[in-house]
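Report on the following structure.
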Amino acid sequence: MYEKRLDKLFSLIPVCRVLADVGCDHGYIGIEALQTGRAEKVYFTDISEPSLNKARANCPPELLDRAEFVCGDGLCGLKADVAVIAGMGGRKIISIISASIYPPQFLVLQPNSEASAVREFISRNYRFVTDEKMLDGKFYDHIAAKFVGTGVALNELESEFGTTNLSRPNADFRLYLAKERDKLTKILSGCRSASAERKLSLVMQAIAAVGGVQ
């Protein structure tokens with residue numbers, strides 16, 4: 001378990017009345033939200049009954065009256081102010097948000113893949129609060145966004161790398177760009193690849209946008 005990644009996810013959750021810990025697995029995020037008063041109530045959802053049982057077992061008895069455990073896929077028709085959806089592929093995250101009957105007013109997301117697709121999807125109705133790259137064993141994207149009901153189209157760089165990564169680059173994002181530059185340069189030294197050439201072009205544009213990397 002990567003504690004740094006979980007700590008970052010938790011730090012992005014605003015104080016709220018109802019939190020949905022979607023795909024909760026062990027339930028650590030939702031449990032900490034209850035323990036610290038970040039949320040008054042938490043829905044723990046997971047498609048796996050064994051995973052849901054782990055979350056239930058981990059939840060201290062004194063918190064159970066403010067916790068509800070629901071076996072199902074995604075938000076399961078529940079109404080929550082904030083939803084945390086982490087540790088899933090980007091397309092799955094999009095599917096969960098698309099299927100929600102009640103769009104959460106705030107999203108905290110950590111897609112394992114296709115982060116650009118997630119950014120493009122949520123930009124239709126949400127405003128990005130933060131979108132940060134983090135190194136914790138591997139690179140993770142952490143996205144927090146607030147529902148506003150209108151959209152702002154992202155340009156290609158913003159879609160690929162995230163608006164706040166570009167406007168407020170942290171050390172991990174700079175390291176990510178440097179590693180991507182070196183990896184793609186090595187690939188292209190051995191063969192021609194249109195996709196690698198395109199990605200390297202975007203990486204070099206991002207490096208210029210953040211003022212350079214090592």
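Looking only at segment 147-196, which residues are assigned to a loop (DSSP other than H, G, I, E, B), of a type in the set (Ser, Thr, Tyr) and either modelled with pLDDT of 95 or more or open to solvent by 70 Å² or more (accessible area, probe 1.4 Å) (or both)?
Hit for segment 147-196 is THR150, nothing else.
Counting only residues that are assigned to a strand (DSSP E or B) and β-branched (Val, Ile, Thr), which one in segment 75-101 is farthest from PRO14 (Cα to Cα)?
Filtering segment 75-101 down to residues assigned to a strand (DSSP E or B) leaves 82-89.
Checking the rest, the ones that are also β-branched (Val, Ile, Thr) come to 82, 84-85.
Numbers: VAL82: 8, VAL84: 11, ILE85: 14 Å.
Filtering first and then ranking leaves ILE85.
List the pairs whose first member sits in segment 114-140 and is surrounded by fewer than 20 Cβ atoms within 10 Å (Cβ to Cβ), whose second member is of a type in the set (Asp, Glu), and whose Cβ atoms are under 6 Å apart, counting only residues at least 6 apart or on separate chains?
From segment 114-140, the pairs are SER116/GLU160; LEU135/ASP172.
If you go through segment 51-87 one residue at a time, how many are free of Cβ contacts under 8 Å to residues at least 60 places away in the same chain, open to solvent by 10 Å² or more (accessible area, probe 1.4 Å) and either aromatic (Phe, Trp, Tyr) or in contact with a Cys (Cβ under 8 Å, 6 or more places away or on another chain) (or both)?
4
What number of residues within segment 89-111 satisfy the criterion of being more than 16 Å from ALA144 (Cβ to Cβ) and either open to solvent by 30 Å² or more (accessible area, probe 1.4 Å) or hydroxyl-bearing (Ser, Thr, Tyr) (or both)?
The qualifying residues number 8.
Filter segment 32-45 down to the residues that are β-branched (Val, Ile, Thr) and open to solvent by less than 10 Å² (accessible area, probe 1.4 Å), then identify the one that is nearest to SER11 (Cα to Cα).
VAL42
Within the set of pairs 6+ apart or on separate chains, which have a first residue in segment 195-207 that is free of Cβ contacts under 8 Å to residues at least 40 places away in the same chain, a second that is surrounded by 14 or more Cβ atoms within 10 Å (Cβ to Cβ) and of a type in the set (Asp, Glu), and C-beta atoms under 6 Å apart?
The qualifying pairs are VAL203/GLU180.
The values are calculated or read from the model by the stated rules, or taken from the named source; none is laboratory data. Only a predicted model underlies this, so the values are computations on that prediction, with no experimental measurement involved. So basically every Cβ, Gly included, is an ideal-geometry build from the backbone, and we count neighbours across all protein chains shown. In case anyone asks, the SASA skips ligands and DNA or RNA and just uses the protein heavy atoms, side chains included. Shrake-Rupley method; radii C 1.70, N 1.55, O 1.52, S 1.80 Å.
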